[in-house]
Amino acid sequence: MERITASEQIFRTLRKRILSMELKPGESVNVQALADELGVSKSPVRDALLKLREDNLVEILPQSGTHVSLIDMDQVRVERFLRTSLEAGAAVRFCASRTDEDLADMQLAIEAQKNAFGRNDMAMFLAYDDAFHSVLFRSLGFDRLWNIIQNQSGNYHRIRLLSFGMPQVCEDIIDKHRQMLAAFRNRSEQDVSSLEENHLGKLDDEAAEIEARCPGYFKKQGKKENL
């Protein structure tokens, strides 16, 4: 059984709240209130917040306190590049080596996504979206790479969650997953590559509208560029 420290448990709890948008970008974080809520001293809360700052999920400023970091579009670009670069290569390898069990796991993830969408549970919809893609890395023995993607994608994760509020986005994601599953089943590397590029790059077309809808959630940038 894994044994974790109080600060690690608090870190995981707060990270989940931030990534699920329960704690929204720009929201103030009160150390004493968190300590009281979690039944701990302020010391492990501070340690957890320092670790979250290293992941660019909170900002700690002497004069204005601690706040959940605004979504940084420059970092979204970096994090998306990391994700697409690693997954594009993994998908082609997976196409050749995938098993029937892998395909069954992907199908289960799609069904779970559909159910989450029906319940309007966008946090779980995103969790099952990641579950679909994680099958590639797990099957190839690339769990470490998947963990790197997850640990370094706080900005990308949150803008993906916001994108689900746009018309037809969730339905399109489910449809793309079905197409990808069919391509993996047929071991069609060309179709897999095309679908991966289109699927993971879809946020390019949505980013400006998301930012316009929720301007208070985003760090102000200078010159705007495409993702």
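Here is how the numbers come out for the structure above:
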{"read-out": "Karplus (6.51, -1.76, 1.60) ³J(HN,Hα), θ = phi - 60°, over the stretch 128-144, in Hz, Gly and Pro reported as x", "value": "6, 4, 5, 4, 4, 6, 5, 4, 4, 5, 5, 4, 7, x, 9, 4, 4"}
{"read-out": "Rg followed by Dmax, in Å, when the stretch 1-109 is reduced to its Cα trace", "value": "18.5, 56"}
{"read-out": "The stretch 1-160 - percent of accessible surface contributed by carbon and sulfur, probe 1.4 Å", "value": "51 percent"}
{"read-out": "Accessible surface, the chain, averaged per residue in Å² (probe 1.4 Å)", "value": "53 Å²"}
{"read-out": "Residue 111/residue 151 FRET efficiency (R0 25 Å; Cβ-Cβ; nearest 0.05)", "value": "0.35"}
{"read-out": "Most to least packed among 149-161, 118-130 [average Cβ atoms within 10 Å]", "value": "149-161, 118-130"}
{"read-out": "P(r) of the stretch 98-227 over all Cα-Cα pairs, binned every 5 Å from zero, in whole percent", "value": "2, 9, 18, 22, 21, 15, 8, 4, 1, 0"}
{"read-out": "Two-decimal Rg to Rh for the chain - Kirkwood Rh, Cα set", "value": "0.99"}
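The values are calculated or read from the model by the stated rules, or taken from the named source; none is laboratory data. Quick caveat, the model's predicted, so the values are computed rather than measured. All Cβ positions, glycine included, derive from the backbone under ideal geometry; neighbour counts span all protein chains shown. Ligands, DNA and RNA are excluded from the accessible area calculation, which covers all protein heavy atoms including side chains. Shrake-Rupley method; radii C 1.70, N 1.55, O 1.52, S 1.80 Å.
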